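Report on the structure given below.
The values are calculated or read from the model by the stated rules, or taken from the named source; none is laboratory data. Fair warning: this is a prediction, and the values are worked out from it, not measured in the lab. FYI the Cβ positions are ideal-geometry reconstructions off the backbone, even for glycines, and counts take in every protein chain you see. Just the protein is used for accessible areas: all its heavy atoms, side chains included, with ligands, DNA and RNA removed. Shrake-Rupley method; radii C 1.70, N 1.55, O 1.52, S 1.80 Å.
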Amino acid sequence: MSPQDHEQFMKAQQVVLYDTSQENFANYFLNWRDPITKELVLFGHPAIAGTHLEGWYNNPLSPVYEESFRQKISTTPDRMFTLSVASFGGESYAHIKQGVYTMLMAACEMHPEKIDKFLFDLHQWGL
């Protein structure tokens, strides 16, 4: 692949990654399609879930690391998950934190049962 073709390819990939339109929703980098059920899991990309669990549940510096605190919450708080998403790419995605939260809240309004289930399951995986 020529350098020009590579650059064009990378720009196209970036458009897909950052395009939050309805037409691109299935390709958006925060979402994940379960290969077995083919279900689209909103905000369920395994790398982001892993970052969330590692940063909050497995990190001794996190308040969620403490068993007593874990028992006080029954699901993943939406702001906590938003911080995980924003920190997933380090400084790369930190600037989109409010945008991610807005999208998460919009998804909660459109698909409350799916988002609630995902955040509950994520918390259970951390326990």
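Remarks
- Accessible heavy-atom area order of His111, His52, highest first, probe of 1.4 Å: His111, His52
- Computed lengthening from Ala47 to Met110, 0.36 nm per intervening residue step minus Cα-Cα distance: 20.3 nm
- Asp34/Ala12 FRET efficiency (R0 35 Å; Cβ-Cβ; nearest 0.05): 0.90
- Taking amide H as placed 1.01 Å from N in the peptide plane, Arg33 has its amide H under 5 Å from the amide H of Val41, each at least 5 places away in sequence or on another chain.
- This model, with +1 at the C-beta of Lys and Arg and -1 at the C-beta of Asp and Glu, gives the range 38-111 a dipole about its Cα centre of some 60 debye.
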